[in-house]
Structure formats: structure tokens, C-alpha cells
Amino acid sequence: IGFKGGAVDEFMVFGTALTQVEVTALASGKSVADVLTEADEVAQRTYYLARHDEKYAKALKGLHRAQEREHTLVESVREVMTMAEQPEHRKTYVLARGGYGNRGEEVFADAPGELLPFDESWPRNRLGLVQWLLDEKNPLTTRVAANRIWGQFFARGLVETQEDFGSQGKPPTHPKLLDHLAYWFREHDWDVKALCKYIVTSSTYKQVSTPRDDLVDVDPTNTLLARGPRYRLAAELVRDNALAVSGLLVDTVGGPSVKPYQPDGLWEAASSQTYAEDSGDGLYRRSMYTFWKRTVPPPSMMMFDAATREVCSARRERTTTPLQALVLLNDPQFVEAARELAAKVLRHEAVVDTRLSVLFRTLTSRQPRADELAILRDAYTEQHRYFETDSEAAKAYVSVGSSAVDAELDLMAWAATTAITQVLMNFDEFQVKQ
């Protein structure tokens, strides 16, 4: 690779840029004086200014310094690509069989007249398209937006195919409700927070999520909205929930992206870069701030069905796989959250059964039944005995993560309680919104 098998002859280095006269003299072997007599007026003037006019040389140095300052200033300003309308619209044609050379009839910018005719006063460009989309007579835009916001709280929209409102999509299960939400949303100036509050304070949302016996077979997917929503939390919220209950979550709003714990060598196969995780608060920011490399997304979030972001995704599918349990049991973020929550409980509760009840209540929002508490007690006893036989394993277990280790806590009790906390994090009621 490079200059292979060649040689360099008569290699010379000069401390300044040569003029045309000096280059010609070097190439021909003549003196500069002889070349000057043969050169044209422009070449002679350039040579004189560069070599004999001190005022010009001083001004030229000043110009170079000014150019360097300009270059430094320009390079320090972040450039952002922008779009502008062309003076004249480019002609567009129907392409026969998609071939660029097979032009058919010329076509012009327009909108589906069946929804809302394009007003002649609107410019036929991007501004006009926005005016068409947000016009109060357009029935589609507010319906799509309201349906997606509804889906955030009920796991499915009133139109289940949130990504498709066309003829291939499904019809709304409650068309009058969708119309009402769309109208309400538009009349309240497209206020997303207001619509969210309107939905979560409704009697429909505030229902219990326990399925009714008389509707289990008739309406297993809750299409009739006869109960409250029940579904597994989104990938980001599973992590945020674990950090929140442990007290580790940093809820600061805004700021740059952060790099929490990720597997070693995460980026090496995709690029020459290496993943350097953050320290301190950067490890515990909300998942929406996690740095996202498009071709190498965070593996733990992918296990919980997060979108890769390589293509647009209007709706996520929710799956249940054994890999999700492995993430909750082995990801340092969840192990650290479990041991921090266990430490908080140990500092305030001395009785084992009370500790287990507090953990259960914290992670599931209800008190354990007698049979559930008995299972947790047996598991705690088993784990405590195990760690008594291997104190190094217990120490390593409660040292996972970057947060400080409390040397005053009973090591065996801490490790055993952490293990039970992880068991409860794998419990459906911790991962499921209900």
C-alpha cells in the first residue's frame, strides 16, 4: 500500500512557497535572472512582490493571520444542515414500472381530497403541507395523535394499528371516544400534558385491572375497556423502575446523553470506537438519556423489545422470553439496584419477615399473602446458608456496581436480602403495569 517499489530523486525542501519564476528556474536549470527576462509581466510582478517588496510581504503575513483566525472561528461553530425551497419546483412525473427513464404524465404537489381539499391560498410546499395537516377541518392528524397517546396508557390504541389508519388498518373499537379525544385535544391547543391528565383521571383508566370473571372468555384483550390496563412496562421503564425503588435514580431533567453499564466490547465489532461508561450520576440517569448508537443499541433494552431506531416504529411488540429474566438477574444495573434496596431495608428493619414484607410491598405495591411470605422466607434462609459457606461470593455480590459498600451491614444478611430482591424483580407484578 502506498508508494511501493519507487524512488525519490532530487528531494528539496523550501521554507516558503515558490513563485512561478523560481519553479521554472529549478526545472530548467537556468538562473532566476534569465527566467525573468523570458517571463510575462504577471509572473515578473508576482516574483517582485514576493521577494523584494517588504510592504507587500508584511501585508501578506497579516492576511494569512486573519485567514487563520477566520478558519478557527468557523471551525468552532457547529454546522447544521438546513433545507430551502428551490426557486422553481422540480418537475415530477409518473414513472412507468418505476424506471427513471420511463416518464409518464407530469404530476403536481397535492393532498388527498377525500380527507381535506388543499386550499388554494396555501403554498404548495412544506409550509402548505403543515397548514393542511393542522387545519381544524382535517380529521386525521388529531385522531392519530390522540390514538397514540391513548396507547401509551392502555398498551393499545383505540385503533390497534397505530401505525396504519388506512384501509389496511383496523377500525377503531370506540369511534365516538376517538372522535371526542381528537376534538378535545385540538380544542386544548394540542396540549399533550393536558390530554395525558385527562386520560389518567378518567373513570376508564382508574378501574382495577383484574379481569372480570364474566368477561375472561368474551373479552380477553380488554377491547371493551371493562377493566384498567395491564401490560409489561416498556424497556426504559423497567430499568427506571428498578433505579427508582432503590433510590439510585437521578431525575435531573435535560442535559447530554450518558453511558451507563454495558457489556464489555460492545462497540468493537461495529467500529473502532470503544464504549467508555460514565461515572457518578451518569450511571443512574433516566433511560431516555442513555446514549444510543444506532447500529449497536443497548442490549438490555433490546431484550425488553425496545426499537433499534434504524427504522421508524410507531408501535412496539411486547414479548416474554427467558433472556429477560437473565437480564434482571445479571445486568449490573439491576444487581446494584437490588443490593441498594436491600441495604435500605436492612438499615430500618431488624425482623426477617418484616424485611421481606417491606421488599414485597415496595416492589409490587401490595402486601404479600401468607403463602408468598413463606416462600420468600424459605428462599431467604437458603440463600443465607449458602453465603455463610462462601463469604467471598457474598462480598463480591454486594459490591456489584459503583455505589459505595456499607461495611456496617451484616454481610450475609445483605447478600441474602439482595438475592430475594432480585427474585422479586423477576416477579411479574414488578414488571407489569396494573
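The values are calculated or read from the model by the stated rules, or taken from the named source; none is laboratory data. None of these values were measured; they are calculated from a predicted model. A quick note on method: Cβ atoms are made from the backbone with ideal geometry, for glycine too, and the neighbour counts reach across all protein chains shown. Please note that ligands, DNA and RNA were not included when accessible areas were found on the heavy atoms of the full protein model with its side chains. Shrake-Rupley method; radii C 1.70, N 1.55, O 1.52, S 1.80 Å.
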Point to revise | Test for Y93: is it loosely packed, with under 13 Cβ neighbours inside 10 Å, aromatic (F, W, Y) and out of contact with any Pro (no Cβ under 7 Å at 6 or more places or on another chain) | key: yes
Exercise for review: Within the stretch 133-159, work out how many residues are not in a loop (DSSP other than H, G, I, E, B) and not charged (D, E, K, R).
Suggested key: 14
Review point. Just for the stretch 298-318: of the residues that are open to solvent by less than 60 Å² (accessible area, probe 1.4 Å) and in a loop (DSSP other than H, G, I, E, B), which one is nearest to T161 (Cα to Cα)?
Key: A314
Review point. In the stretch 4-52, what residues are under 25 Å from H64 (Cα atoms) and among the basic types (K, R)?
Key: R45, R51
Study note, to complete from the structure: Inside the stretch 96-115, the number of residues satisfying the requirement of being assigned to a loop (DSSP other than H, G, I, E, B), under 30 Å from T142 (Cβ atoms) and either open to solvent by 90 Å² or more (accessible area, probe 1.4 Å) or without any contact (Cβ under 8 Å) to a residue 24 or more places away in the chain (or both) is 7
Exercise for review: Taking A350 as the residue in question, decide whether it is more than 37 Å from the chain's Cα centre (by Cα), outside any helix (DSSP H, G or I), farther than 30 Å from F165 by Cα and small (G, A, S).
Suggested key: yes
**Study point:** Per-region count, the stretch 308-328, residues at pLDDT below 85 and either touching a Ser or Thr at 6+ places or on another chain (Cβ under 6 Å) or under 26 Å from I420 (Cα atoms) (or both)
**Key:** 0
Check your understanding: Of the residues in the stretch 35-80, how many are part of a helix (DSSP H, G or I), of a type in the set (A, V, I, L, M) and either at pLDDT below 90 or closer than 24 Å to E22 by Cα (or both)?
Key -> 11
Check your understanding: What number of residues within the stretch 234-262 satisfy the criterion of being part of a helix (DSSP H, G or I), open to solvent by 30 Å² or more (accessible area, probe 1.4 Å) and among the hydrophobic types (A, V, I, L, M, F, W, C)?
Key -> 2
Study note, to complete from the structure: Among the residues of the stretch 160-180, the number that are more than 16 Å from S313 (Cα to Cα) and either part of a loop (DSSP other than H, G, I, E, B) or among the β-branched types (V, I, T) (or both) is 8
Review point. Can you tell me which residues in the stretch 263-297 are modelled with pLDDT of 90 or more and open to solvent by less than 30 Å² (accessible area, probe 1.4 Å)?
Key: G282, L283, Y284, R285, S287, Y289, T290
Check your understanding: Is it fair to say Q207 is touching a Gly at 6+ places or on another chain (Cβ under 8 Å), open to solvent by 30 Å² or more (accessible area, probe 1.4 Å) and part of a loop (DSSP other than H, G, I, E, B)?
Key -> yes
Review point. So which pairs qualify, if the first residue must be in the stretch 358-370 and surrounded by 16 or more Cβ atoms within 10 Å (Cβ to Cβ), the second must be outside any helix (DSSP H, G or I), the Cβ gap must be under 6 Å, and the two must be at least 6 apart or on different chains?
Key: V358/E349; F360/P368
Exercise for review: Restricting attention to the stretch 406-426, report how many residues are surrounded by 15 or more Cβ atoms within 10 Å (Cβ to Cβ) and either among the aliphatic types (A, V, I, L, M) or under 29 Å from the mean Cα position of the chain (by Cα) (or both).
Suggested key: 14
Check your understanding: Which of the residues belonging to the stretch 192-204 are loosely packed, with under 14 Cβ neighbours inside 10 Å and either aliphatic (A, V, I, L, M) or over 22 Å from T223 (Cβ atoms) (or both)?
Key -> V192, K193, A194, K197, V200, T201
Point to revise | Restricting the stretch 327-357 to residues that are open to solvent by 50 Å² or more (accessible area, probe 1.4 Å) and basic (K, R), the residue that is nearest to V238 (Cα to Cα) | key: K344
Revision key, fill the gap. When the stretch 268-297 is checked residue by residue, the ones that are more than 13 Å from the chain's Cα centre (by Cα) and either among the polar types (S, T, N, Q) or in a helix (DSSP H, G or I) (or both) are S271, S272, Q273, T274, S279, G280, D281, G282, L283
Study note, to complete from the structure: For Q333, the lone unmet condition from (1) free of Cβ contacts under 8 Å to residues at least 60 places away in the same chain; (2) assigned to a helix (DSSP H, G or I) is (1)
